[in-house]
Structure formats: structure tokens, C-alpha cells
Amino acid sequence: MTFTAAAHSSMARTRSKPPAYEPTPVSRALKMRRTELGKSQADVAFDSGELTQTTVSELERGKYGPEHLTAFRLAALARGLNWTIPELEKVTGLELGIYTETLDVATDDDGRTIAVFRNPPPPRLRPIPSELAEMIEEKSHLAEELQTERWQQYLAGQRFSTGRATPERWWNLFLLLKNAGVEPGGN
């Protein structure tokens, strides 16, 4: 007796394809600028000081547009592409809504016109998870750094890949970061 396995179409796995995004005039302008500069997406990301290569790729593919970025990340995008915010707006045709009375126009060391905030907007603070707040309250007498906004904001930006974020796990994370020599910058 012979056993024969037959493949049924209902048993076949289908691979899902990532959604196809259509390049937009804005995404094409961003890619054109990058290629004119002879930069890779990673170069733009690095020069921006804030964006990732993935973000640059998604902007160029039209997954989302610059209008979905925060003002801080827009400034980083402009920096990565050697543009000012007004140049970014002009080339992309977008009105990004950051022209306000708080902006001044200045000239940098290379003679380029740049936009400068007179009074920078206050940083957006991350919400402090309740378990982290509990840990800070319990352990701040052991580590004064926990009372500073920079450490609280840095920790609030961390995520645990598995399990529940308990006060004890937050404390262990803080100790691990301190022992590794991590010193959070500004907000």
C-alpha cells in the first residue's frame, strides 16, 4: 500500500505582500534632493541627527509625508537634506504651519539663510507610566537622579519587550543603565 500526500490549495500558505505606496510629488522631491546631494538614505538620516533610514525610505516611498512629522523632525529632515524649513516648504509645496511670529531668519556660518526660533517651543513631555512613577517615589532616596526630569523622561521613553513593567523592573533597568554609564541628555 502506498501513501500519497496531496497538496490542497487550501493548505498552501500565501505570503502577504507589504502594501504598495504610490510616490507623491513630495516624496519624489525628497528623493530627488537626496540623489542630487549624492547621499544615501542612511546619510540623510545620519545628517539629520534624528531620523532613521527607515523613516527616510518611508517618506520617499510615499508611505507618509513630511506633514505627519513633528516640527522637530521636520527640522531634522531639512537639515539632512541641506535645506532650511522655508526651502523644504517651497520645494515640496507644503504649508507645514511652523511659520509663526516666533521664527527669525538668520544666516549660518556658510552664508545660508536659516530659520531660528526666538523662543523655542517647550518640549513635549512623555507621560510617566504609573509603575515608573511608583518606582521613582520608592527609590528616589537611593538615587537622586530619579528626581530629575531628564532621567524620568529618558526612562519613560524605554519599553520592555516582554512581560509587565513593574516598579522593580523599572528599578533594575535604571540600575543597568547607570552601570553602563548612560547619562541622558536634555529632554
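Among residues belonging to region 88-102 that are among the acidic types (Asp, Glu) and either surrounded by fewer than 17 Cβ atoms within 10 Å (Cβ to Cβ) or not in a helix (DSSP H, G or I) (or both), point out the one that is modelled with the highest pLDDT.
Glu95
Here's a check for you: in region 42-87, which residue that is farther than 19 Å from Ala20 by Cβ and among the charged types (D, E, K, R) is modelled with the lowest pLDDT?
Across region 42-87, the extreme among qualifying residues is Glu67.
The values are calculated or read from the model by the stated rules, or taken from the named source; none is laboratory data. Predicted model only: the values in this text are computed from it and were never measured. With ideal geometry, Cβ positions are generated from the backbone for all residues, glycine too; neighbour counts draw on all protein chains shown.
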